[in-house]
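Here is the structure we will look at, set down as structure tokens.
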Amino acid sequence: MPSYFTLPILVVLLSSMAPVSTSYQCELPKEFSIYSVISKEDASIGAHSMYKGVAVGGTLSDGTPDSSATFDRTTSRVKALANPNRFNFNGGIETGVSLETSVDFGHFEWLAGAAKSGDFEGGKKVVVLTKGGTYNLYDFRNGGQGEDNGNTIVIFNTSDDVILTKTHDGRQFGPSVIAPFSKVIVLGNAGFVDGTIVGKQVVTSGGNQGQLQLHGDNYNGPFVCGVNPGSGGDPHFKTWLGRRYDFHHQCDLLLVKSESFMEGKGLEVQIRTTSKSSFSYISGVAVRIGRDVLEISQTEHFYNGSQDYDLTKARIGGYSVEITYSLKSSTSFVRNYVIEISPSFIIVVIVRKNLMEVRFHGADENLIGDSVGMLGEYRNGTLLSRSGIEIEDLSEFGNEWQVNYADSALFSSTQSPQFPQKCTPPAPVDQARYLRHGISLAQAEKACEGWGEEMDDCVFDVMATGDIDVAFAF
């Protein structure tokens, strides 16, 4: 008989698992304290005073070439320096330098997905957000001071633009900012940014740029990290390094594939996505380890082709499978399939009402370090094509990992489209659907308020499905 225990116990179990194994530690890289600005690509800076140097992986240009600007204390390192400029590098300047020689930018990308929001001893604060927009000091420190003194850091795990500005009463922007997938725009009216800025691109903009200061007084407090990559909801994906994105097409997708898993047994996880009138969802999950296949749908499961096989007797690739159940409300029933690879590494498939989810907890680089698929390349999180080329367009990336002839046929039935037919794109979003569902944005936000960094995904799913119980399924 399967074991029964409430889902909160399962949540405690999963949260205690070790985070994804990578070469990164849950801390800021040392170069964060060296520079005022770190930009992966180009940077345009019109501020008049940088208390530290900058590291720029592309071209550094002068946003206010008619006014002089100084970079103090530390050496700036840039790929290229544009003219004209009136920069004075009091700490020195090195040009023709690739970013990789001075900054491990992948560490910042990892932190964006791994770091968790929290308040810590000594007034230290970490805020993790998954959407961009315009922000001022009071969004993070209500009534705070522009001179943050390294007490606050805001981390953006999004590709949206991030705009920093002053408060309504003129307070400057105090926190450090890490936004490795975003363009960070500092408005001239901000006065100064007290913390360090990390972005894919960093620019200053608007009036009064010539009065702007970038202090680089970096955050110096603790972090709590934990990446549980996978996919769920109206499909949301979290990569091995914690980057989040959506792909709403209908087709069979290769979530994870590792040829070297367990000394060549091989691991392959596929998901089947299905579109409805107002949303899309994962309707099936198939896991192959070695020659064994566990296929799970919303209503049943198959083990090596046998429907509703007694999984207490099953071993998928030699590993046990446990089913647990939880009744979250009178209408919200949750079924969990837990494959224990090791005491610290489990694969969990969660079936909850209209939606399914797959999560990897405590994955070990020694086991699946060669993993590719929708969760990205394991070691650095890069979104790679099947031929190993980096892809930035998320729609192109998703289509690249449609299950094709090179992959195993894991599902016992077929659903259109099948390769070589391309994934079916979602229908245009009908905003009126929210009114038809009768759930307001405020109701969805209230129901999802305990979801932390994934609150936006929860709100999206509640509004898309019209089902408030989606928020309470965990």
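No lab work stands behind these numbers, since they all come straight from the coordinates. It should be emphasised that the depicted structure is a prediction, and the values quoted were computed from it without experimental measurement. Neighbour counts run over all protein chains shown; Cβ positions are idealised from the backbone, glycine included.
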Report task. With a/c under 1.5 counting as rounded, go ahead and sort region 227-427 into rounded, prolate or oblate using the C-alpha gyration tensor (a ≥ b ≥ c being the square roots of the eigenvalues; past the cut-off, prolate if a/b is larger than b/c, else oblate). Result -> rounded
Report summary line: Which of Lys52/Lys200; Lys183/Lys257; Lys265/Lys422 exceed 26 Å between C-alpha atoms? The answer is Lys183/Lys257; Lys265/Lys422
**Report entry** HN-Hα J in Hz across region 374-388 - Karplus 6.51, -1.76, 1.60, θ = phi - 60°, x for Gly and Pro
**Finding:** 5, 8, x, 6, 5, 6, 10, x, 5, 7, 10, 6, 5, 8, x
**Report entry** Rounded tilt (10° steps) of 455-465 against the dominant C-alpha axis of the chain
**Finding:** 50 degrees
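Evaluate the relative contact order of the chain (contact order divided by residue number), counting alpha-carbon pairs under 8 angstrom at least 6 apart; express in whole percent. Can you show the working numbers first?
Numbers: 1255 pairs, mean separation 64.6, N = 474.
It rounds to 14 percent for the chain.
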Query raised in the report: Quick one: Cα centre-to-centre distance for region 371-418 and region 305-320, in angstrom?
Result: 27 Å
Query - Reachable lysines from Lys276, criterion Cα separation under 17 angstrom, eight or more residues apart if same chain - result: Lys353
Report task. With θ set to phi - 60°, apply the Karplus curve 6.51 cos²θ - 1.76 cosθ + 1.60 along region 34-50 and write out the HN-Hα couplings as whole Hz, x wherever there is a Gly or Pro. Result -> 8, 10, 7, 9, 10, 10, 5, 10, 6, 9, 10, 10, x, 5, 8, 8, 10
Query raised in the report: If you line up the long axis of helix 105-114 against the longest principal axis of the chain, both from Cα atoms, how many degrees apart are they, to the nearest 10?
Result: 50 degrees
Query raised in the report: Which one, [x] 1.05; [y] 1.30; [z] 1.60, gives Cα Rg over 2.2 N^0.38 Å as derived from the coordinates shown?
Result: [x]
Report summary line: Short to long, in 5 Å steps from zero, the percent of alpha-carbon pairs of region 222-305 per bin is 3, 13, 20, 20, 19, 13, 7, 3, 1, 0
Requested in this report: Give me the distance between the Cα centres of region 212-229 and region 113-178, rounded to whole Å.
Outcome: 10 Å
Query - Those lysines that a straight Cα-Cα span of less than 19 Å connects to Lys446, excepting residues fewer than 8 apart in one chain - result: Lys131, Lys328
Report task. Quick one: net charge around Ile347, please, counting Lys, Arg +1 and Asp, Glu -1 for every other residue with C-beta under 9 Å from its C-beta. Result -> 0
**Report entry** CD proxy at 222 nm, helix term only [per DSSP H run n ≥ 4: -39500 (n - 2.57); per residue of the chain; nearest 500]
**Finding:** -3000 deg cm²/dmol
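Mind sorting Val358, Val56, Val128 by how few other Cβ atoms lie within 10 Å of their own Cβ, fewest first?
Details: Val358 24, Val56 31, Val128 21.
In increasing order of surrounding Cβ atoms, one gets Val128, Val358, Val56.
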